[in-house]
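The values are calculated or read from the model by the stated rules, or taken from the named source; none is laboratory data. Every value quoted in this text rests on a predicted model; they were computed, and no experiment measured them. Here the Cβ positions follow ideal geometry from the backbone for every residue, glycine too, while neighbour counts run over all protein chains shown. Please note that ligands, DNA and RNA were not included when accessible areas were found on the heavy atoms of the full protein model with its side chains. Shrake-Rupley method; radii C 1.70, N 1.55, O 1.52, S 1.80 Å.
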Amino acid sequence: MVSPPGKKLQNVLLLSGGEKALTALALLVGIFQFRPSPFCVLDEVDAPLDETNVSRFGELMRAMGKETQFLVVTHSKRMMQFADMIYGVTMQEPGVSKVVSVRLGSHAQQRATA
């Protein structure tokens with residue numbers, strides 16, 4: 001049972017996909033604030049979220065990133081904007097995959113000047 005802001009208490013199965021995702025993320029964030037972990041792997045958790053909530057979640061991950069390293073699998077350009085490092089897989093020729101990495105953000109600038 002959950003009660004998202006502005007809604008009455010109801011079964012989680014009655015929520016929309018975005019509301020379910022936000023509820024699960026709220027529980028996860030609460031656990032991590034109580035007992036941080038060194039890393040967290042999230043797979044497509046942002047897919048059901050609208051652009052505003054993706055941005056909110058990205059900012060929250062950035063703030064929590066001081067204690068926890070996040071590995072997020074996503075296709076969202078908005079979520080990728082919050083990354084310090086992006087890994088991708090490309091197929092230059094059929095059947096041959098290649099991993100490509102790009103270092104972004106403030107960490108890359110700090111390391112480049114060090």
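Data table
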{"read-out": "Odd one out for Gly88 among (1) open to solvent by 60 Å² or more (accessible area, probe 1.4 Å); (2) not in a loop (DSSP other than H, G, I, E, B); (3) not aliphatic (A, V, I, L, M)", "value": "(1)"}
{"read-out": "Residues (touching a Leu at 6+ places or on another chain (Cβ under 8 Å) and surrounded by fewer than 15 Cβ atoms within 10 Å (Cβ to Cβ)) located in the stretch 38-58", "value": "Phe39, Val41"}
{"read-out": "Count of the stretch 17-27 residues which are open to solvent by less than 90 Å² (accessible area, probe 1.4 Å) and without any contact (Cβ under 8 Å) to a residue 12 or more places away in the chain", "value": "1"}
{"read-out": "Where Arg35 falls short, out of the listed (1) farther than 28 Å from Gln69 by Cα; (2) loosely packed, with under 10 Cβ neighbours inside 10 Å", "value": "(1)"}
{"read-out": "Where Leu13 falls short, out of the listed (1) part of a helix (DSSP H, G or I); (2) within 21 Å of the chain's Cα centre (by Cα)", "value": "(2)"}
{"read-out": "Among (1) part of a helix (DSSP H, G or I); (2) among the basic types (Lys, Arg); (3) at pLDDT 90 or above, the one test that Arg111 misses", "value": "(3)"}
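Every residue, every condition in (1) at negative phi; (2) part of a helix (DSSP H, G or I); (3) touching a helix residue (DSSP H, G or I) at 6+ places or on another chain (Cβ under 6 Å); (4) at pLDDT below 90, yes or no:
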position	(1), (2), (3), (4)
Pro4	yes, no, yes, yes
Lys8	yes, no, no, yes
Glu19	yes, yes, no, yes
Leu22	yes, yes, no, yes
Phe32	yes, yes, no, no
Val41	yes, no, no, no
Ala47	yes, no, no, no
Arg62	yes, yes, no, no
